[in-house]
1. Can you pull out the residues in the range 177-193 that are outside any strand (DSSP E or B) and over 24 Å from A148 (Cβ atoms)?
2. Among the polar types (S, T, N, Q) and under 30 Å from E145 (Cβ atoms) - does that describe any residue in the range 236-250?
3. Please determine, by comparing only the residues of the range 248-276 that are within 19 Å of A81 (Cβ to Cβ) and part of a loop (DSSP other than H, G, I, E, B), which one is most open to solvent (accessible area, probe 1.4 Å).
4. If you check A156 against the conditions, is it among the aliphatic types (A, V, I, L, M), closer than 20 Å to G128 by Cβ and either open to solvent by less than 30 Å² (accessible area, probe 1.4 Å) or out of contact with any Asp or Glu (no Cβ under 7 Å at 6 or more places or on another chain) (or both)?
5. Six or more apart or on different chains, Cβ atoms under 7 Å: show the pairs whose first residue is in the range 273-291 and closer than 16 Å to Q303 by Cβ and whose second is open to solvent by less than 10 Å² (accessible area, probe 1.4 Å) and modelled with pLDDT under 95.
6. Sort out which residues of the range 212-232 are open to solvent by 10 Å² or more (accessible area, probe 1.4 Å) and in a loop (DSSP other than H, G, I, E, B), and write them in order of number.
7. How many of the residues in the range 78-100 are open to solvent by less than 10 Å² (accessible area, probe 1.4 Å) and either modelled with pLDDT under 95 or within 17 Å of the chain's Cα centre (by Cα) (or both)?
8. For the range 277-320, give me each residue that is over 27 Å from A107 (Cα atoms), within 17 Å of the chain's Cα centre (by Cα) and assigned to a helix (DSSP H, G or I).
Amino acid sequence: MSTSHPNRRRFCHQIAAGLALAPALSSAAVFPERPMRIVVPFAPGAGTDAMGRLVAAKLSELFKMNVVVENRTGASGAIGAQEVAKAAPDGHTLLLAAAPFTTVAAALPTAGYDPVGGFAPVGMIAHGPLVWVANKELPANSLPELIALAKKRPGALNYGSAGVGGINHLVLESLEARAGIYITHIPYRGIAPATLDTISGQLQLLTGTIPALAPHIRDGKLKALAVTSPERSPALPNVPGMKEAGMADFNVLNYFALVAPRGTPDAVVQQINAALTQVVQMPDVKERLAKDALEPAVGSPAQLGQFLQRDLEGWKGVVKKQGLKIDAF
């Protein structure tokens, strides 16, 4: 949402603190007692799944214990979130949370979980912007041009998303609320079919992660209008940020984080956070994150909790302002 994400400087002291806890990992006798699992609430092969498997592999190395990934798909990520919320609060079951964790809870009364009250925050992993793209035939080559076109033709333009309540959907609602425009939203079951229909011209607009859409931008099948962060992304240096579009405080980032069931002992949460801090500082992990247009962003559990609260409230504000009435997935 349009809240300020923690930057690297802000986290320096947390990283140092996390590394200072590192010796506890090798001497701990009670945790983990058995293999751990990270529940990924989306299908294998998706970006969230790849992040979950990367983190699981590295935590396995640090804890000297198997950390497995289990995909629990359905309901825009809510099924996996519900499962983890009900799991034993002992640190052996974690959720790989991404942006839909807060957007779905904000948009859908039937989500069935509370991203703030129902979980113990463990730590942020990384974040990065989305990118606005358009069919190459659309007569708009920048976000200001798109807004001007939408004002001239209310409802005539269409936009695809990966499903109602997800970040791809609510980022459109946020833009509409800010710019005073209306673009027809067409939800899909996943971003892949929406991308194909945007390339073919059945859809005109879309947002998605940079790794997913950059190949189509580079080969000319889609044109990039802007990234959803205030500044440009190093991964798409020729694409303007929201500041250049006249919306300097518009900052929508996809994020990845770990959360545990509510009631997980603080000592266990801190131990996982310390390990996660080490993971994100590994050179090969940092290289992988950069390749995926992501910035490492580990911080304390308290910082993640504050971020999730702000993000949830921000998206609730968008839902209320836009008068969205979503009763089911």
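The values are calculated or read from the model by the stated rules, or taken from the named source; none is laboratory data. A quick note: this is a predicted structure, and the numbers were derived from the prediction, not measured. FYI the Cβ positions are ideal-geometry reconstructions off the backbone, even for glycines, and counts take in every protein chain you see. Please note that ligands, DNA and RNA were not included when accessible areas were found on the heavy atoms of the full protein model with its side chains. Shrake-Rupley method; radii C 1.70, N 1.55, O 1.52, S 1.80 Å.
1. Result: Y188, R189, G190, I191, A192, P193.
2. yes
3. Only one residue tops the list, namely R262.
4. no
5. N273/G18; A274/G18; L276/V298; T277/G18; T277/V298; V280/V298
6. D219, G220, K221, S229, P230, E231, R232
7. Number satisfying all stated conditions: 9.
8. V280, R288, L289, A290, K291
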